[in-house]
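A.B. asks: Pasting a structure below so you can have a look.
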Amino acid sequence: MQNSSIDGLEIRNYFDIILISEIEQVRKPNPEIFQRAVVKLGTAAQDSVFVGDHPEADIKGAKNAGMKTIWKRNLSWVETTEADAIIDELNEIPAILEQFNHIAVVT
């Protein structure tokens with residue numbers, strides 16, 4: 001199902017790797033899915049940033065894997081205080097990355 005969505009949105013070419021929980025058989029917030037991503041990217045968790053909208057699955061999971069986190073504010077969820085940065089729009093990410101000293105982004 002996720003592959004169909006990715007292809008329908010025509011965004012596959014924007015990513016170096018794509019991990020899908022169903023294929024990996026590991027679901028967020030399990031740190032293993034985040035660790036697999038950084039290994040496939042050839043980087044380290046402490047040198048990576050995860051951008052997500054779910055406070056538990058995305059932010060807590062990535063933090064537990066050792067990543068920096070950016071929470072894309074989502075009114076469906078209670079605001080998180082665990083994120084390293086909070087944004088309202090995706091176009092805010094470059095400025096945040098400047099603050100993080102140009103480290104890899106994982107979404």
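The values are calculated or read from the model by the stated rules, or taken from the named source; none is laboratory data. No experiment lies behind these values; they were computed from the predicted model shown. Cβ coordinates were reconstructed from backbone atoms using ideal geometry, including for glycine residues, and neighbour counts include every protein chain displayed.
A.B. asks: Taking region 89-106 on its own, how many of its residues are out of contact with any helix residue (DSSP H, G or I) (no Cβ under 8 Å at 6 or more places or on another chain) and either modelled with pLDDT of 90 or more or buried (at least 16 other Cβ atoms within 10 Å of the Cβ) (or both)?
C.D. replies: Applying the first criterion (out of contact with any helix residue (DSSP H, G or I) (no Cβ under 8 Å at 6 or more places or on another chain)) to region 89-106 yields 89-102.
Filter again for either modelled with pLDDT of 90 or more or buried (at least 16 other Cβ atoms within 10 Å of the Cβ) (or both), leaving 89-97, 100.
So the count comes out to 10.
A.B. asks: Same structure again: Restricting attention to region 1-54, and to residues there that are out of contact with any Lys or Arg (no Cβ under 7 Å at 6 or more places or on another chain), of a type in the set (D, E) and not in a loop (DSSP other than H, G, I, E, B), which single residue is surrounded by the most Cβ atoms within 10 Å (Cβ to Cβ)?
C.D. replies: If we take residues in region 1-54 being out of contact with any Lys or Arg (no Cβ under 7 Å at 6 or more places or on another chain), of a type in the set (D, E) and not in a loop (DSSP other than H, G, I, E, B), then D47 is surrounded by the most Cβ atoms within 10 Å (Cβ to Cβ).
A.B. asks: Something else about it: Restricting region 57-88 to residues that are at pLDDT below 90 and of a type in the set (A, V, I, L, M), which is surrounded by the fewest Cβ atoms within 10 Å (Cβ to Cβ)?
C.D. replies: Residue satisfying both the conditions and the ranking: L75.
A.B. asks: Residues of region 19-58 being within 25 Å of I86 (Cβ to Cβ) and of a type in the set (A, V, I, L, M, F, W, C), which ones?
C.D. replies: Matches in region 19-58: L19, I33, F34, A37, V38, L41, A44, A45, V49, F50, V51, A57.
For every residue, the table says whether it meets (1) closer than 23 Å to F100 by Cα; (2) of a type in the set (A, V, I, L, M, F, W, C).
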residue: N3; (1), (2): no, no
residue: E10; (1), (2): no, no
residue: L41; (1), (2): yes, yes
residue: F50; (1), (2): yes, yes
residue: A65; (1), (2): yes, yes
residue: E82; (1), (2): yes, no
